[in-house]
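**Q** Here it is, the structure in full.
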Number of protein chains: 2
Amino acid sequence: MANQPAPLDAVFHSLADPTRRAVVTRLLQGEAPVKQLAQPFAIGLPAFLKHLAVLEGAGLIRSEKRGRVRTCRIDAERLAAAEDWLAEQRAVWQGRTDRLAAFVESQTIGSPS
Amino acid sequence: MANQPAPLDAVFHSLADPTRRAVVTRLLQGEAPVKQLAQPFAIGLPAFLKHLAVLEGAGLIRSEKRGRVRTCRIDAERLAAAEDWLAEQRAVWQGRTDRLAAFVESQTIGSPS
DNA sequence: TGGTTGGTTCGCCATATGGTGAACTATATT
DNA sequence: AATATAGTTCACCATATGGCGAACCAACCA
């Protein structure tokens, strides 16, 4: 159902880099300033800022500058979009092996408690 | 748990392109020869073959040549790896937002529906 | 045997990506 | 006021990406 190409391009492209994935994982623990985010990586700040720009461009993170510190936080919606796309695909391929029914059921809950 | 950087790089990079995502979706319906796969797209065969090479390099598809026809099929394991990674991340962020939601709710009970 | 078809390979090109170092701005800190 | 700190911007570089057209090989068909 969902088929928004452009955003997915950006999200998947963001996740194709280990540095950026690490940033995402890190930010899921909570917000953090740029320098602290950059510290674990063996690249210069300019290069790291480009990564942040890619992530922010993809809508995966947001950032706000207070004083001289820019604080970044996760924006998980786009992450969910990526997972949704994969889940859709999985529904198809797993359907061939047998779990389609379970998935459909989980999507169409209609009369629980 | 799972933290295999290199394969994920290739998988996410593969999925960052709409043509390649379309190929994946298409192949989930069943195997198909190269030409048939390429037909919907407005690019030349050489360019399309590069996309297939990227997908195959990422382990998302396999292909076999019989006669002069190369038939491609999906190899869903790597797709699952990507979804697993995202599911892990979601587990974290949903854990947080769930706790947050629970907290907010616990502070604001009093006038629901 | 000769043509058509399905793929492949080759060279080429424009642009994007991921990195660098150096210079610069603006906000703390002392 | 002087200095350190956190980011930012800039010019630059090497390589990867995604596309092209043209030439090519192998196999099926007539």
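The values are calculated or read from the model by the stated rules, or taken from the named source; none is laboratory data. Remember, it's a predicted structure, so these values are computed and weren't measured experimentally. Cβ coordinates were reconstructed from backbone atoms using ideal geometry, including for glycine residues, and neighbour counts include every protein chain displayed. Side chains included, ligands, DNA and RNA excluded: accessible areas come from the protein's heavy atoms. Shrake-Rupley method; radii C 1.70, N 1.55, O 1.52, S 1.80 Å.
**Q** For residues that are over 21 Å from A:Ala16 (Cα atoms) and in a strand (DSSP E or B), tally how many sit in region B:66-77. Talk me through it step by step, then tell me what you get.
**A** Of the residues in region B:66-77, the ones over 21 Å from A:Ala16 (Cα atoms) are B:66-73.
Subset that is in a strand (DSSP E or B): B:66, B:69-73.
Number satisfying all stated conditions: 6.
**Q** Moving on to the next point. When the residues of region A:70-97 are narrowed to those that are modelled with pLDDT of 95 or more and touching a Ser or Thr at 6+ places or on another chain (Cβ under 7 Å), which ends up nearest to the other protein chains (Cβ to nearest Cβ)?
**A** Ranking the candidates gives A:Cys72 first.
**Q** Any residue that is under 19 Å from the mean Cα position of the chain (by Cα), surrounded by 16 or more Cβ atoms within 10 Å (Cβ to Cβ) and β-branched (Val, Ile, Thr) - is there at least one of those in region B:24-37?
**A** Scanning region B:24-37, I find at least one residue that is under 19 Å from the mean Cα position of the chain (by Cα), surrounded by 16 or more Cβ atoms within 10 Å (Cβ to Cβ) and β-branched (Val, Ile, Thr), so the answer is yes.
**Q** Would you please name the residue that is surrounded by the most Cβ atoms within 10 Å (Cβ to Cβ), looking only at residues in region A:44-69 that are within 14 Å of chain B (Cβ to nearest Cβ) and within 11 Å of DNA strand C (Cβ to nearest atom)?
**A** A:Leu55
**Q** Looking only at helices (runs of 4 or more DSSP H) that fall completely inside region A:15-65, which ones have 1 or more residues that are away from DNA strand D (no atom under 14 Å from the Cβ) and among the polar types (S, T, N, Q)? Before you say what the answer is, go through the steps one by one.
**A** Numbers: elements: A:18-28, A:34-38, A:45-57.
By residue number, A:18-28.
**Q** Exactly one of (1) within 25 Å of B:Leu55 (Cβ to Cβ); (2) buried (at least 16 other Cβ atoms within 10 Å of the Cβ); (3) out of contact with any Phe, Trp or Tyr (no Cβ under 9 Å at 6 or more places or on another chain); (4) touching a residue at least 12 places away in the same chain (Cβ under 8 Å) is unmet by A:Cys72. Its number?
**A** (1)
**Q** Considering only region A:26-43, I want to know if a residue exists there that is within 9 Å of chain B (Cβ to nearest Cβ) and of a type outside the set (A, V, I, L, M).
**A** yes
**Q** Determine, yes or no, whether B:Phe41 is modelled with pLDDT of 95 or more and open to solvent by less than 40 Å² (accessible area, probe 1.4 Å).
**A** Details: modelled with pLDDT of 95 or more: yes; open to solvent by less than 40 Å² (accessible area, probe 1.4 Å): no.
Judged against the criteria, B:Phe41 is not a match.
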